[in-house]
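Data first, discussion second: the structure below is written as structure tokens.
The values are calculated or read from the model by the stated rules, or taken from the named source; none is laboratory data. Because the structure is predicted, anything quoted here is derived from the model rather than measured. Ideal geometry is used to build each Cβ from the backbone, glycine not excepted, and the neighbour counts take in all protein chains shown.
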Amino acid sequence: MQTKLDYKRVERNAALRQRCFTVIDYVFLTLWAVMVLFPFYWMLLTSVKSYSAYNSEYIPQFFTLSPTFQNYVDAFTAVPLAKYFLNTIIFTVLTTGLMMVVIIPAAFAFARLEFKGKQLAFTVFLSLMMIPNELVVITNFVTITNLRLRNTFTGLILPSVTSVFYIYLLKESFEQIPDELYRAARVDGTTDFEYLTRVMIPISKPTLVTIVILKVIECWNSYVWPRLITDNPNYYLVSNGIQEIRENGFGRENIPAMMAAVVVISVPLIILFLVFHKKIMAGVSRGGLKG
């Protein structure tokens, strides 16, 4: 009898400790979520405050009783924000599409084809990831300038049509497909291109979707290269449009209007991530595991 009581007491203590740990975990997760989400809340809150109400706050207010959407109207009228959106969409679609055309055959070659010096070539290729981006930007700038492609979509797009990391990620995904499937397809007379398009691409769809989404986010957030390679507002992207808004649109003092523009620019990426975050995690996990 005493043994049963001791056993039940141990079970209750273990359950109590487990509940305590669970509560602590949720408390920390809640605090972390508040810390991460608060800047977005503050951005959204500021965007619906009027210019006079915002400037009259000696102590920042964490809510407003008189929200206004005039700032969003100003975001599209003070500067050609809609044109910046169109430029960004063109840049994103063309860059992502061309990159997929480049990295899929490259990943297939490293994953399935056999050629002399393959391992050495791939090692050298991966070593390019060790080069600082600043050095690459300088080299690309000189090249694009010498080709007289500044202030063109071609100059914006060309340096971004390949990625060592995405080729590596896709290669790891391709290598998870059994070699026997490739040899059987070759026996049946299937060409490498047919095997790539009919077998490898459909099987690796989660990784491909992940790469596309990550590239879209990368293009949408691109700032340094577009700012460096173009000084013509006709080719500004939304990220560069923020600086244009600050300098020639609302002025440095009209923070609510600037926050409205930032909200408009940020919403597409937030929606994209919320819709596809599971696919992103699944694709990255699949590409990073072998066997």
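The set of residues in segment 48-79 that are within 23 Å of GLY241 (Cβ to Cβ) and of a type in the set (Ser, Thr, Tyr) comprises SER50, TYR51, TYR54, THR68, TYR72, THR77.
Test ASN254 against the stated conditions and say whether it is buried (at least 19 other Cβ atoms within 10 Å of the Cβ), under 28 Å from ARG227 (Cβ atoms) and either at pLDDT below 70 or not charged (D, E, K, R) (or both). Taking the combined requirement at face value, the residue satisfies it. For the residues THR210, THR190, THR152, the requirement of being surrounded by 13 or more Cβ atoms within 10 Å (Cβ to Cβ), among the hydroxyl-bearing types (Ser, Thr, Tyr) and modelled with pLDDT under 85 singles out THR190. The residues listed here are PRO105, PRO159; of these, the one that is out of contact with any strand residue (DSSP E or B) (no Cβ under 8 Å at 6 or more places or on another chain), within 24 Å of ILE89 (Cα to Cα), surrounded by 13 or more Cβ atoms within 10 Å (Cβ to Cβ) and not polar (S, T, N, Q) is PRO159. Just one of the numbered conditions (1) in a helix (DSSP H, G or I); (2) of a type outside the set (A, V, I, L, M, F, W, C); (3) surrounded by fewer than 16 Cβ atoms within 10 Å (Cβ to Cβ); (4) at pLDDT 85 or above is not true of GLU247: (4). In this structure, ILE177 does not satisfy being modelled with pLDDT of 85 or more and within 28 Å of SER127 (Cβ to Cβ).
Residues that are of a type in the set (Gly, Ala, Ser), surrounded by 10 or more Cβ atoms within 10 Å (Cβ to Cβ) and assigned to a loop (DSSP other than H, G, I, E, B) within segment 42-76 comprise SER50, SER56, listed in sequence order.
Any chance segment 194-215 includes a residue that's more than 24 Å from ASN232 (Cα to Cα), assigned to a helix (DSSP H, G or I), of a type in the set (S, T, N, Q) and touching a residue at least 24 places away in the same chain (Cβ under 8 Å)? Yes.
Okay, residues lined up against (1) under 24 Å from the mean Cα position of the chain (by Cα); (2) in contact (Cβ under 8 Å) with a residue 12 or more places away in the chain:
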position: LEU86; (1), (2): yes, no
position: ILE90; (1), (2): yes, yes
position: LEU94; (1), (2): yes, yes
position: GLY97; (1), (2): yes, no
position: ALA106; (1), (2): yes, yes
position: ARG112; (1), (2): no, yes
position: LYS116; (1), (2): no, no
position: ASN140; (1), (2): yes, yes
